[in-house]
Amino acid sequence: MRTSPGRDVMQPVTAHVTGSWLPGRDRGARRSSSAVLACQEQPVECRAADPLPDQHHRSAGVTRPPGHRYFWMIATMALPPPDPEFVLRGTAAPVHTLHFSCRSQEPEFPILFSGSANGLVQIWNLKTHRVDKTLDGHGGKSVYWVETIRGRDELLSQGRDQKICLWDLAEGRSMVTDSVSMDSVGFCRCSLLKMAQDRWLIAMPADDPDEVQVLELPSKTSVCTLKPEAGAKLGMPMCLKLWQPGFGACPFLMAGYEDGSVILWNLSMGKMLSRLACHQEPVMSLDFDSEKAKGVSGSSEKVLSVWSLDEQQNLKVHKTHELINSGISDVTIRQDRKILATAGWDYRIRIFGWKKMKPLAVLDFHTATVHCVSFSDHSRPSERLLAAGSKDHRISIWSLYNQT
Amino acid sequence: MAVFDTPQEAFGVLRPVCVQLTKVQTVENVERLQAQLQKVNAAALQELQEYVLFPLRFTLKTPGPKRERLVQSVVECIRSILSVTCVKKQDLLHELFSELCTCLSSPSGLKRPPPQSEEVKLTVIQALQALMHSAYGDILLSLYQPSTLPHLGFAVSLLLALAEQEKAKEIRTSALKCLQALLLHCDCQEYHRLLDKEESQRCGDLFASFLPGISITLSRMITGDIKQGHMITVSAIKLFYQTVGFIMADEQLRRFPEKKEKPRVEQSRIADLMVHRGPDWVQSTADKLSLLIHKIVESSSVHQHWKVRLELVELAHHLMLKSSQSLVASVGQLLKALVGLVNDDSPKVRSRSSEVLRSIAEQKVITENRALADVLSENLHSLATALPRLMTSQDDQGKLSTLNVLLGSLKLLGSKMNIVLNSTAHLHRLSKALMQVLELDVTDVKIVEERRQGELPASLQHGLQKGQAQKKYFRFFTDERIFPLLQQVCRVLGYYGNLYLLVDHFMGLYSESVAFRKQAALVLNELITGAAGLGLDVLHEREAAPSMDDLKGTITSILEEYTDQANWHLVTSTEEQEEANDKLAIPPSRLRALTEGAHSSSHVLSSAAALEPNPTIRSMNSNIWQLCIQLEGVGCFTHALGKEFRVLLMSALYPVLEKAGDSTLFISQTATGTMVDICQACGYGSVQQLISENTDYLVNGISLSLRRVAHQPHASRVLETMLRHSDASLFPLVKDVIQDVLFTLDQSYDSQAASFLRVLHSLMAALARWFVLARQNEQQQGAQTSPGTTQLPGAIPTAATTTGQDVERFFLDYVKQKQIAEGNLPDMEEEEVFPATAEEPQGNDTGAEGEASLPAHAQVAKDVMERCIHLLSDKSLRVRLKVLDVLELGVTVLHPHDNHLLPMAHRAWPALVTRLINDDPLAVLRAFKVLCTLAEKCGDFLRQRFSKDVLPKLAGSLSSQAPVSARAGPVYSHTLAFKLQLAVLQGLGPLCEKLDMGEGDLNRVAGTCLVYLSARQPMKLQEAARSVFLHLMHVDPDATWLLLNGVCCPHRYPPPHASLRPVQLSGMGRPRGELTDNVLHLLGELEQRERAMLWPRTQGAPEPHGPPPP
């Protein structure tokens, strides 16, 4: 049942596991709840969510043409949330994953990879806002993780056809040069970590439902298999994050499990260092800031949990942030560790300050569940973008908090 | 005639005649000599030249008064000798020269023309000319010695006097010709020895003494009476520039020694006459000449004859070429003349002057000559200063030449103009002048009034036409040739000038004040066109064209400014203003910015401040123009960038489409033209292709704009335009955004309904066009073949003759029909069935199987109709009317899907009935149209509702209105009541037919409409009423027949058999009344139809019944 192909990638699992997910929320309910959200959660954003804006909102809105860039500071919170910088349409299927590649210099243009439910990986030219190339390698099964290696010349894509493909994109080619098959049927996205020049580690769910396997690329040799102790009842791994405290140091893996716990694994020893049960529901997504030794995880419930890792390598709950609507499908911390974005089942993208988890903005554009959020890797901070992919087939691109 | 070849023979012949002449000097003798000379060969005559000349010269020299006749014939004879022989001796030349000159000397000095008769003068002049030509080159030069200066001076002044003061044209022209020869510039065919430098230097010195006299006299002649004929003016001009060019030649003056040569003592008197062409002399002469040149240019550039103007071009060319340094002060004048003539009426002058200009530019006379560049830029400055004044004061011709001069000097300056432009003062002057000159006339009310009505002509939709700029009207000039000149000026500026500097400056003006905005935009458009090197011809290539990236960057920034909220969303109509006032949501326009002079940031603060209550027609007109110019600008930019513009479409296409949907005709036309421009420049085959290939950009813009209340009307306009210009392939691309529109509408029924309804209307119209009409057309094409075959068998029986059996059958049939009409047949079952069927679809409404099969476009139509049902009872009449239109289209689109249409009709019914019964007449009219469409599509589903809810009311109002319309005058046909009556009458017939109405209702309709058959009703109403009856005939011909016959029965109906009772109808024998005509017409129609129908029926269904009832 978990693997029934036609269903939504994220939600059925929780529905199945917990039974607490309530399907069929209608628009009206969403609208009214948003008002509540605005009042309770972020008082400063009342105007943002208000469908009938006041005088100030109106005047501010009208003087800016649609494409006008908003430079708004955290301090000037009274401004309404901005519109998307632009919206990419044409995936013709729900968008499950996004990945930017914007580091290269002129005349190369910034690009965005998107993986969608129809099994296609699309390469968007962010200058013309159009699809430059479409990669079809997963037999129509949805693609839910993409990552570039070696600049933008090679691409890894993970699909529901239980395959991870390695694409060669250099010099206009687009062909699968290698692939790893995995037996897991879950929805767990892989995680990639660069160890050295031309050597990567990739963590992926293993054959056994509750195990995680770590491979070395490009040799595809198994580094270790992380198996929880018997009787731990963790369920399947839901999300993975490979990290290392410093370059060359021993790599670690953060993994969120179906039972709501986050576990820190030591890869060199292959053993569990710490386990934190921070959610009642499956952990849908997590991100970890290795510099501050602090991470954040979202689940299908209404809570965003921030936890930290102490000197003894124990995970502790640092803070929890209550949300109004339940369900976080993705959470990402920006590379500069200043803000983080969450993708909500309530069709919204939320922006928080990473330091104190201060709610900054609720971006309301999509008309269906938001599946993924991703920050661009532009070398100039002022150009940085946020992209969000949603079940409504759209990818919204936002430009915000660039000045800080 | 015998010809004497050898000198001996010739001598033999000539000797007696010469002797005779020497003895007796008479005309006869001279003529005899002349006659003999004809017989002598030229070579032989050369030998005897002096011998023959002697008696002639002797005759001239004989003291005492001579008869003119004699002098004339002698001189004539000399001329004929000289014309075939050469003068080889210096003495002879000198003597002959002075002898000939003395012939014309007058005792009263040179002031007045010599007293001799015109023939003599002419002959002498011709002889002089012959002399100049017959002299050997070296010999001739001996004439130009300082010692002969007095002689020469005398001849020159004599000839000048003749040329100027004589009456006869011939004398004047030949005097000028002779003078030309004398000054060594003869342009005849014969060989002339070319002077080497040394010689010409010497001659120049000599002639310099005559310069004042020659130049003044000639300039007097050139500027003289026009009646003298163009030939003289032309030769005078030619002589003028040749002489001046020779004497003032840079080449000669450059080599001139500083020091005067020491004159020899014995010639000191003559030396006094000589001129030393030193710098001082050059300076003072140039000053004086510049006055003369000025005068000449002034008068000749407007001379009527083109040859004169052509000669002026040559003058400028020659002087610029030969003596541009010495005559530097006049160069401005000359250039002015040249560039002024570039746009001359005569093609020869035009081509020659532009050729000359080009050659001047090519030789870099200007650019390498600092002084000239200075002169030109000085000219430019003064011209720019004077331009506004000239533009207001001059007539159109004057304005034209002024602008030509401006254009020409810019072209000549070429890249050097940047020196001028870099000076703030110069740039300022120039730009201000352009701003003033380009001021538009914004008083035309029509521009504001004209609205866009419905669809654009098909040619614009698909064909690619050159986007033509709107004709502009300017305040300061009306001539159509002036604006293109100004465009050229701007383009040349853009071509050579520093683009960044210029764009920056004019952008500054653009944002500085509303007063300059339109002009600045005009200039900017042309600057870019020029910078791209389009639409202009230049004299020489610029050194470095701006790179594509630079151009793109510049264009992007201009576009950004153009499409900025404050410059793009201007108030152009009063409706808009009202809407804005209603909502207070539209931003304040630039109108107010006019008074504020502030930039967009200040808008935020003052948006709530008082909007200008009523924008004047003037300001709206001005806004319309501004938008048009900006739209045209977008067109210019696309042409400048070509395919490179495709990247900019991301931001530029949306605003253009928005304006294409504008309700002001002028703006939407211009925007459509711009779209065509974009298509051409970016390589799209059609507007449709342009839109469909860029749908993603547009949809992005629309969906983002929908999120802002103030932008929603614009977004809906863009969507409207997209729909209007595209075909069904667009639909999948915009489906997404249509949902957005509906969603946004749901959130703002109160405020935005009106603007969204427009887009819904165009959406439904597009859907109907794409999905319904297209299919119908296909079906029609498919059906066209089948009726042809089915009709054939039907056609045969009509040809057959009527038999008794047929009559019987018809009668039986008739009886049966009659029984039905009387209600004998049980009709009730059917009637009971219908309410049930009406309820049934409601139950199925939520059925899943129906929804799954519904195609996307029908689903959209359904969604739209849902909204319409809500809006049907909106409080604004305008909205209600629009909703009714949308509803009607929705019905058309949803028609093939009955499962969805019928429930929708059911839900819309109550609101629709209210519109029909209880609303403004306009709404009733529209609602009735909807009803007709609905009935057509839904058929009998509506029967009961109609007969219960609507028919009584309609019939009632028709009946009550009938007397009114019967009495009304001709004006009545313009009233709303009339239109309503007409529409109802026209619609009732089809309604009855489609709804398959019951007996009672039909009677009611017939009864109501009968009144309208009255001859007193307006003609149109009668026709409409007749049409009702025609439809009724379809439904129930017999009942209709009976009813009509009840009113008036034209025939008696003798029973076919004696046993039958004669038919008695109530209309029989009635006097002719008001209804008679129409009833008779209808009966005739009915009869015809029956006859056509009869045959198929009798064939198809033979009646088995027995005898008819009594």
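Assuming R0 = 60 Å, can you tell me the calculated FRET efficiency for the pair B:Asp280 and A:Lys338, based on Cβ-Cβ distance, to the nearest 0.05?
0.15
Give the share of C-alpha pairs in each 10 angstrom bin for the stretch A:183-289, from 0 to the last occupied bin, in whole percents, shortest bins first.
Bin by bin from 0 Å, the calculated values are 16, 52, 28, 4, 0.
Starting from the Cα of B:Met231, step 7 Å along the direction of its Cβ; do the same at B:Glu68; then give the gap between the two resulting points in nm.
Each label point lies 7 Å from its Cα, and together they span 2.2 nm.
Where the only charges are on Cβ atoms (+1 Lys, Arg; -1 Asp, Glu), what is the dipole of the stretch A:183-289 about its Cα centre, to the nearest 20 debye?
Computed about the Cα centre, the dipole is about 320 debye.
Can you pull out the chymotrypsin sites (Phe, Trp or Tyr not before Pro) in the stretch B:629-693 that DSSP calls coil and that have at most 16 other Cβ atoms within 10 Å?
none
What distance in nm separates the two pseudo spin-label positions at B:Lys169 and A:Met195, each 7 Å out from Cα along the beta-carbon direction?
10.9
Distance check, please: which entries in B:Lys177/B:Lys336; B:Lys197/B:Lys322; B:Lys862/B:Lys953 exceed 19 angstrom between their Cα atoms?
From B:Lys177/B:Lys336; B:Lys197/B:Lys322; B:Lys862/B:Lys953, over 19 Å: B:Lys177/B:Lys336; B:Lys862/B:Lys953.
Given 0.36 nm per residue, what is the gain on full extension from B:Ser105 to B:Thr478 after removing their alpha carbon distance, in nm?
Value of the extension gain: 128.5 nm.
On a full-extension model of 0.36 nm per residue, what is the gain between B:Ser513 and B:Lys89, subtracting their alpha-carbon distance, rounded to one decimal in nm?
144.4 nm
In whole percent, how big is the carbon plus sulfur part of the accessible area of the stretch A:183-289, probe 1.4 Å, protein atoms only?
50
Sequence neighbours fewer than 8 away in the same chain don't count; with that in mind, list the lysines whose C-alpha is under 27 Å from A:Lys233.
Cα-Cα hits under 27 Å: A:Lys163, A:Lys241, A:Lys271, A:Lys294, A:Lys302, A:Lys316, A:Lys319.
Give the peptides B:35-41, A:182-188, B:325-331 in descending order of average Cβ contacts within 10 Å, highest first.
B:325-331, A:182-188, B:35-41
I'd like to compare B:295-303, B:1054-1062, A:213-221, B:717-725: which one has the highest average count of other Cβ atoms within 10 Å, and what's the full order after that?
Packing proxy ranking, top to bottom: B:717-725, B:295-303, A:213-221, B:1054-1062.
Before we go on, tell me the buried accessible area for the B/A pair, both chains summed, 1.4 Å probe, in Å² to the nearest 100.
That pair of chains buries around 2500 Å² in total.
Express in Å², to the nearest 10, the accessible area of A:Ser174 obtained by rolling a 1.4 Å probe over the protein heavy atoms while all chains stay in place.
The accessible area comes out at roughly 60 Å².
Identify all lysines with a Cα-Cα distance to B:Lys23 below 22 Å; exclude those on the same chain that are fewer than 8 residues away in sequence.
Partners found: B:Lys61, B:Lys66.
Starting from the 7 Å offset along Cα-to-Cβ, what nm value, one decimal, do you get for the label separation of A:Asp168 and A:Ala249?
3.7
If each residue of separation counts as 0.36 nm, what is the full-extension length gain between B:Lys818 and B:Leu291 once their alpha-carbon separation is subtracted?
178.5 nm
Take every residue in peptide B:707-718, count the Cβ atoms of other chains within 10 Å of its Cβ, and give the average of those counts.
Rounded to a whole number, the mean comes out at 3.
Can you give the FRET efficiency for B:Ala35 and B:His151, using 1/(1 + (r/R0)^6), R0 = 25 Å, r = Cβ-Cβ distance, to the nearest 0.05?
0.15
For B:Lys552, list the lysines whose Cα falls under 30 Å from its own Cα; do not include residues on the same chain fewer than 8 positions away.
A:Lys127, A:Lys133, B:Lys411, B:Lys416, B:Lys432, B:Lys466, B:Lys471, B:Lys472, B:Lys518, B:Lys643, B:Lys659
Calculated FRET efficiency, B:Thr914 and B:Asp746, Cβ-Cβ r, R0 22 Å, to nearest 0.05?
So, using R0 = 22 Å, E works out to roughly 0.45.
Per residue of B:696-704, what is the mean number of Cβ atoms on other protein chains within 10 angstrom of that residue's Cβ?
Partner-chain Cβ atoms within 10 Å, mean over residues of B:696-704: 6.
Highest first, please rank the peptides B:697-705, B:89-97, B:222-230 by the mean number of other Cβ atoms sitting within 10 Å of their residues.
My ranking of the peptides, most packed first, is B:697-705, B:89-97, B:222-230.
In percent, what relative contact order does the stretch A:133-200 have, based on Cα pairs under 8 Å that are 6 or more apart in sequence?
23
Would you mind giving the mean number of other chain beta-carbons within 10 Å of the Cβ of each residue in A:85-93, as a whole number?
Partner Cβ neighbours, averaged per residue: 4.
The values are calculated or read from the model by the stated rules, or taken from the named source; none is laboratory data. This is a predicted model, so every value here is computed, not measured. Note that we place each Cβ from the backbone using ideal geometry, even for glycine, and neighbour counts take in every protein chain shown. Only protein heavy atoms, including side chains, enter the accessible area calculation; ligands, DNA and RNA are left aside. Shrake-Rupley method; radii C 1.70, N 1.55, O 1.52, S 1.80 Å.
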